[in-house]
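Below: the structure, in structure tokens.
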Amino acid sequence: MSALTLPVTDYVKPMTELRTQLSRAPGAVSPPAGTPAQRQAALALVLLVPVAGLAGGLVALQSQGIALLASGLLAASGGVLIAALGRLYPHRSLGLCNLVTLTRLAGVAVLAALLAAPETLRGDGAQAWAGLAIAGAVLALDGVDGWAARRARLQSRFGARFDMEVDAALALVLALLAWQTGKVGAWVLALGALRPAFALAALHWHWLARPLPEGLARKAVCVVQIGVLTALLAPAVTAPLAGWLAAGALVLLLASFGRDTLWLWRRMRR
């Protein structure tokens, strides 16, 4: 009987026995199972990574490079998320809330990949409208995750921080895309760079890292900021309207950051 006609069990059984012997060997280490939330996030990423790649490839005129870039960005950021879940997330279930935020992260990965194909969002073609639709969907889902967390009683500092960092990444990517369209000057990057700049400043001036009180005004400014950046991708929004919209959002954002910085400075002085 040739090797090609051997029953499958003749191959499987020896491999199973070898695996059992290795697991029982002195010093053998079993792979960590992870928390339920980590396993749920990993499963979600298995589904979302190819979807992100497909979406990026389709928007960028069936570009394989953009598809791989979108998938790679989501896989890398998802790996960081899974590691953080094991250390910082207090609940067993990932919940719909964090799944929604993870889906938003997938959308951000697609938009970030489009930075490598800036011509995609210029003009009024179908690709530009598709990019706008992705950005609009990511923005629209922003209000769902918080509602889902409260409804399922899965609120956590981790979930709030996850949502905030996805918002910050979205704003930075949208600002870069808006600049690439040529509708506004490089100053529009300030709409996406203020949050990262604030975080970097907090590494030196630690009083900036103290928690801020909840405020509807801050959330409203964030919605305006990302809403305007999303609108700038619309083919119908051209100069000079694009410049006026971006300038108005930047004034509101600077005022919000200035107010928060002043509040933190006064607390530090006490």
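Select from segment 92-148 the residues that are acidic (Asp, Glu) and touching a residue at least 24 places away in the same chain (Cβ under 8 Å) and write down the one among them that is farthest from Lys183 (Cα to Cα).
Asp145
Does segment 40-53 include one or more residues that are within 27 Å of Phe162 (Cβ to Cβ), over 19 Å from the mean Cα position of the chain (by Cα) and at pLDDT 90 or above?
Just the residues of segment 40-53 that are within 27 Å of Phe162 (Cβ to Cβ), to begin with: 40-53.
Retained after the next criterion (residues that are over 19 Å from the mean Cα position of the chain (by Cα)): none.
No, segment 40-53 contains no residue that is within 27 Å of Phe162 (Cβ to Cβ), over 19 Å from the mean Cα position of the chain (by Cα) and at pLDDT 90 or above.
Among residues belonging to segment 32-52 that are β-branched (Val, Ile, Thr) and part of a helix (DSSP H, G or I), point out the one that is surrounded by the most Cβ atoms within 10 Å (Cβ to Cβ).
Checking each candidate, the answer is Val49.
Considering only segment 86-175, give the helices (runs of 4 or more DSSP H) lying wholly within it that have at least 1 residues that are closer than 21 Å to Ser71 by Cα and among the hydroxyl-bearing types (Ser, Thr, Tyr).
Details: elements: 95-113, 126-140, 142-152.
Counting at least 1 such residues, we get 95-113.
State yes or no: is Trp187 over 22 Å from Leu114 (Cβ atoms), assigned to a helix (DSSP H, G or I) and at pLDDT 95 or above?
No, not satisfied.
Regarding Ala246, is this residue closer than 30 Å to Glu119 by Cβ, outside any helix (DSSP H, G or I) and touching a residue at least 12 places away in the same chain (Cβ under 8 Å)? Please lay out each step first, then the result.
Details: closer than 30 Å to Glu119 by Cβ: yes; outside any helix (DSSP H, G or I): no; touching a residue at least 12 places away in the same chain (Cβ under 8 Å): yes.
No.
Restricting to segment 53-76, and then to whatever is assigned to a helix (DSSP H, G or I) and in contact (Cβ under 8 Å) with a residue 60 or more places away in the chain, can you tell me which residue is surrounded by the fewest Cβ atoms within 10 Å (Cβ to Cβ)?
Leu58
Check whether at least one residue in segment 219-233 is in contact (Cβ under 8 Å) with a residue 12 or more places away in the chain, basic (Lys, Arg) and out of contact with any strand residue (DSSP E or B) (no Cβ under 8 Å at 6 or more places or on another chain), and report yes or no.
no
Anything in segment 246-266 that is more than 27 Å from Leu121 (Cα to Cα) and surrounded by 13 or more Cβ atoms within 10 Å (Cβ to Cβ)? List them, or say none.
If the condition is that a residue be more than 27 Å from Leu121 (Cα to Cα) and surrounded by 13 or more Cβ atoms within 10 Å (Cβ to Cβ), then Leu254, Ser256, Phe257, Arg259, Asp260, Thr261, Trp263, Leu264 are the ones that fit.
So, in segment 168-180, how many residues would count as being touching a Cys at 6+ places or on another chain (Cβ under 9 Å) and surrounded by fewer than 22 Cβ atoms within 10 Å (Cβ to Cβ)?
0
For segment 126-143, enumerate the residues that are out of contact with any helix residue (DSSP H, G or I) (no Cβ under 8 Å at 6 or more places or on another chain) and either at pLDDT 95 or above or closer than 14 Å to Ala231 by Cβ (or both). Write out each step before concluding.
Filtering segment 126-143 down to residues out of contact with any helix residue (DSSP H, G or I) (no Cβ under 8 Å at 6 or more places or on another chain) leaves 126, 129, 133, 140, 143.
Within segment 126-143, Trp129, Ala133, Ala140 qualify.
What's the total number of residues in segment 134-167 that are surrounded by 22 or more Cβ atoms within 10 Å (Cβ to Cβ) and basic (Lys, Arg)?
Qualifying residue count, segment 134-167: 0.
Of the conditions (1) surrounded by fewer than 14 Cβ atoms within 10 Å (Cβ to Cβ); (2) more than 23 Å from the chain's Cα centre (by Cα), Gly243 satisfies every one except a single condition; which number is it?
Among (1) surrounded by fewer than 14 Cβ atoms within 10 Å (Cβ to Cβ); (2) more than 23 Å from the chain's Cα centre (by Cα), the lone unmet condition for Gly243 is (1).
When Leu200 is evaluated against the numbered criteria (1) of a type in the set (A, V, I, L, M); (2) touching a Phe, Trp or Tyr at 6+ places or on another chain (Cβ under 9 Å); (3) farther than 15 Å from Ala135 by Cβ, which criterion, by number, is the only one it fails?
(2)
Of (1) touching a residue at least 60 places away in the same chain (Cβ under 8 Å); (2) closer than 21 Å to Ala113 by Cα, Ala193 satisfies all except one. Which?
Among (1) touching a residue at least 60 places away in the same chain (Cβ under 8 Å); (2) closer than 21 Å to Ala113 by Cα, the lone unmet condition for Ala193 is (1).
Please count how many residues of segment 202-228 are assigned to a loop (DSSP other than H, G, I, E, B) and of a type in the set (A, V, I, L, M, F, W, C).
Counting residues in segment 202-228 that are assigned to a loop (DSSP other than H, G, I, E, B) and of a type in the set (A, V, I, L, M, F, W, C) gives 2.
Would you call Arg122 surrounded by fewer than 16 Cβ atoms within 10 Å (Cβ to Cβ), among the basic types (Lys, Arg) and within 15 Å of Cys97 (Cα to Cα)?
no
The values are calculated or read from the model by the stated rules, or taken from the named source; none is laboratory data. What you see is a predicted model, and the numbers here were worked out from it, not measured in a lab. Positions of Cβ are generated from backbone atoms using ideal geometry, with glycine treated the same way; all protein chains shown enter the neighbour counts.
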